[in-house]
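Read through the structure below, which is laid out as structure tokens, and then see the notes.
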Amino acid sequence: MRNTLTVMVALLLAASGVEGVSTPTAGQILSRVQHSYQAIDDYVAKVQVVTDIPSFEVPPRSFTVYVKRPDKVKIESDSLVVIPRDVLLLGNIEGHLAEAGRVILNGVTRRQGRTIYCLKFFPNDPDRRDRVLLWVDAERYTLSRTELWAGLNRLLTVYWEHTHVDDRYWLPTQVRCEISGGILGAGRPGTVTVSFSGYRINTGLSDELFGAQE
């Protein structure tokens, strides 16, 4: 009877989709996300940005971007470009980790038939009220969504779509950024949609290309 009951409980857990001990920890998830990007020392890409912000009159822009790990960015454009830096830094996970006091697995969900992990980053300074949330695709270990918060105010939400480059790297193909009115200062939210194409990976970009950056 006891063995039968054990089998029945196991079958019920399997049927309900409970992952139990098979669910990775926050640290394991982060390690796998970072591993997917660690082979990318630098990249060059063509980028198109479509801005829909009430307080800005900015037409669509196309330009070339140069990025080198961990945080060097150069935009080759003579015109104003509005784009969150985290997008070009592929989520800037290393930067957020450097400022995080702890990271927890905030939840596991299903979206369009895929398992998604939610991670919450808390700052080192206990007096700071900002935090970062990342949603990670459990199959590819790529970002699905990013949110930046200050207290009870959500400042930025980023939705990520990826493509397979050179049969090896998962990189963004389109990123939609929803920006709060608080950031923009006009009290009205806006969106920035960033499309990537023509990736060139690990071309050996020199530090001199980026000049002095803060």
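Numbers at a glance
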{"item": "Folded to 0 to 90 degrees: helix 26-38 orientation relative to the chain principal axis, Cα", "result": "40 degrees"}
{"item": "Extreme residue, positive dipole direction of the stretch 41-205, given options GLY95, THR191, TRP149 (C-beta unit charges)", "result": "TRP149"}
{"item": "Sequence-distant aspartates and glutamates (8 or more away, or on other chains) whose Cα lies within less than 12 Å of LYS68", "result": "ASP41, ASP42, ASP207, GLU208"}
{"item": "Cα pair count fraction exceeding 22 Å, expressed as % - the stretch 95-214", "result": "51 percent"}
{"item": "Cβ-placed point charges (K, R +1; D, E -1), dipole of the stretch 41-205 about Cα centre in debye, nearest 20", "result": "340 debye"}
{"item": "Residue-averaged [θ]222 nm for the chain, counting only DSSP H segments that reach four residues, each worth -39500 (n - 2.57)", "result": "-5500 deg cm²/dmol"}
{"item": "Longest segment of the chain lacking trypsin sites (Lys or Arg not before Pro) that sit in a DSSP loop with at most 13 other Cβ atoms within 10 Å", "result": "1-127"}
{"item": "Cα Rg, Dmax (largest Cα-Cα span) when computed across the stretch 43-161, Å", "result": "16.0, 43"}
{"item": "Semi-axes of the equivalent ellipsoid for the chain, Cα gyration tensor, largest first, Å", "result": "35, 21, 17"}
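Every number in this text was worked out from the coordinates using simple rules, so none of it is lab data. The shown structure was predicted, so the numbers you read here are calculated from the model rather than taken from an experiment. Because the Cβ atoms are built from the backbone with ideal geometry, glycine has one as well, and the counts that use them run over all protein chains shown.
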